[in-house]
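Below is one structure, written out as structure tokens, with a few remarks after it.
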Amino acid sequence: AVEITVENVSRQPTTYSAYFATVLLADGTVITAVVSPEPDPVLAGGALDPGASARGWLTYDIPTGGTPTQLDYDAFNNHAVFALR
């Protein structure tokens, strides 16, 4: 699980979703978030007005032996990449 905060820094309303965030494994495999009630709060998705933010957890089912290397958040024209160590 990864805890993140998504903030709308634009002047227009936008949406967010757990499915915008994927984890890349060292072998190149891309893992999408799974629906899980824990940990809480879950960052499922919704709408954000300008200046608003949402914080919560994204959960991933990483295979045994898999090594997560980065988290990619790709929402429409907004893309961020975070190294996982």
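The values are calculated or read from the model by the stated rules, or taken from the named source; none is laboratory data. Keep in mind that this is a model prediction, so the values were computed, not measured. Methodologically, a virtual Cβ is constructed for each residue, glycine included, from the backbone with ideal geometry; neighbour enumeration extends over all protein chains shown. Surface areas here come from the heavy atoms of the whole protein model, side chains and all, with no ligands, DNA or RNA. Shrake-Rupley method; radii C 1.70, N 1.55, O 1.52, S 1.80 Å.
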Test set (1) part of a loop (DSSP other than H, G, I, E, B); (2) of a type outside the set (Ser, Thr, Tyr); (3) open to solvent by 60 Å² or more (accessible area, probe 1.4 Å) - Arg55 fails condition number: (1)
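For Thr5, state whether it is in contact with a Lys or Arg (Cβ under 6 Å, 6 or more places away or on another chain) and either of a type in the set (Asp, Glu) or part of a strand (DSSP E or B) (or both).
It is true that Thr5 is in contact with a Lys or Arg (Cβ under 6 Å, 6 or more places away or on another chain) and either of a type in the set (Asp, Glu) or part of a strand (DSSP E or B) (or both).
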Only one of (1) touching a Pro at 6+ places or on another chain (Cβ under 9 Å); (2) surrounded by 11 or more Cβ atoms within 10 Å (Cβ to Cβ) fails for Gln12. Which number is that? (2)
How many residues are out of contact with any Leu (no Cβ under 8 Å at 6 or more places or on another chain) and part of a loop (DSSP other than H, G, I, E, B) if we restrict to the range 30-52? 12
Of the residues in the range 62-79, those that are assigned to a loop (DSSP other than H, G, I, E, B), closer than 17 Å to Val34 by Cα and of a type in the set (Ser, Thr, Tyr) come to Thr64
Thr22 exposed (fewer than 15 other Cβ atoms within 10 Å of the Cβ), β-branched (Val, Ile, Thr) and modelled with pLDDT of 90 or more: no
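Let me confirm something: among Ala33, Ala54, Ala47, which residue is in contact with a Gly (Cβ under 7 Å, 6 or more places away or on another chain), modelled with pLDDT of 90 or more and closer than 18 Å to Ser17 by Cβ?
Result of the check over Ala33, Ala54, Ala47: Ala54.
Tally up the residues in the range 63-85 that are open to solvent by less than 60 Å² (accessible area, probe 1.4 Å) and in contact (Cβ under 8 Å) with a residue 24 or more places away in the chain, please.
First, pick out the residues of the range 63-85 that are open to solvent by less than 60 Å² (accessible area, probe 1.4 Å): 66, 68-73, 75, 80, 84.
With the extra rule that they be in contact (Cβ under 8 Å) with a residue 24 or more places away in the chain, the set shrinks to 66, 68-73, 75, 84.
Going through the range 63-85 one residue at a time, the tally reaches 9.
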What number of residues in the range 8-62 are among the aromatic types (Phe, Trp, Tyr) and either closer than 17 Å to Phe76 by Cα or free of Cβ contacts under 8 Å to residues at least 12 places away in the same chain (or both)? 3
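Has the range 18-29 got at least one residue that is assigned to a strand (DSSP E or B) and touching a helix residue (DSSP H, G or I) at 6+ places or on another chain (Cβ under 9 Å)?
no
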